[in-house]
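K.L.:
This structure is in C-alpha cells; I'll ask about it shortly.
Taken together, the values in this text are just the output of simple stated rules run on the coordinates, not laboratory data. In this text, all values refer to a predicted model and were calculated from it rather than measured experimentally. Cβ placement follows ideal geometry from the backbone for every residue including glycine, while neighbour counts extend to all protein chains displayed.
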Amino acid sequence: MALEKEIMEKVKQIRVWKPPYNIKIDNPTTFRLLGAGKQGVVFQIDDERCVKIYFENESPIKELNALQLGGKAGICPKVFFWGTNYIVMEYLKVPSLLDYLQNYPLTKDLCRRIIHLLDTFEQLGFNRFDHATRHIYVLPGEGMKAIDVVHVIKKEPVWLPKKLIKGMGEEAELFLDFVKELSPKWYERWTNHPNFESLMESMKKKR
C-alpha cells in the first residue's frame, strides 16, 4: 500500500493536456516517457509498472473494462490500480509485433498466435479487430498481449484489420496466405470486405 500511495502521489504531479495541435506534458517526476497517443500519455514507473494518463476522464473507464476482461484472458496487461484519469498497469518488457517483425521472419506459428489473439478478442465481446502491430506484444512461448484497447467495443464491428495488414509491410501477402490456411473464417471475413481490394492496391502502390 505504501508503494501504491507513493506512485499515486507522483502521478498526481504529472500534467498532460491536448491543445488543437500538440500534446503538452509537464512531468516533474522521474517516470520515463514511453509514448503519447490520441487518448493519453504513457510513462514507465519501474521495471514492472507503467501508467497511462488520459486527456479525458471517460477514456480510462472504457479502457479499464477492456483491460480487466483481457487481463483475465491473458491477452492484456495486468491492471494494478487506477484513478480518475489514469491506470497503472503491467509494463511489458517484450518486443511489439512491429519491432519483432523487423528482426525475425513472419512464420506460420506467429500467424497462429495472432489468430488466437483475434479469436480471444471475439470471445470476450470485443468487435474492433483493427489493431496496429505496434500495439501487439510478442510474449515468450505462445502468448501475445494487446495494449491501447480503449475502442475495442464499437457499435458496429470493424472486421477488416487495416492497421494489422499494413503493419506486415512486404509480408502482407504471406500473412494472408497463412491466415487462409489456418483460419478460413478470418480470411473470408477480410477478403469479402468491400474495402479489402482497395487496401491491397494502396499497399502495392507504396512498394
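K.L.:
Which number in (1) in a helix (DSSP H, G or I); (2) out of contact with any Gly (no Cβ under 7 Å at 6 or more places or on another chain); (3) of a type outside the set (Ser, Thr, Tyr); (4) surrounded by 15 or more Cβ atoms within 10 Å (Cβ to Cβ) marks the one condition that Val51 misses?
P.N.:
(1)
K.L.:
So which residues in the range 57-94 are of a type in the set (D, E, K, R), surrounded by 14 or more Cβ atoms within 10 Å (Cβ to Cβ) and without any contact (Cβ under 8 Å) to a residue 24 or more places away in the chain?
P.N.:
The one that is of a type in the set (D, E, K, R), surrounded by 14 or more Cβ atoms within 10 Å (Cβ to Cβ) and without any contact (Cβ under 8 Å) to a residue 24 or more places away in the chain: Lys78.
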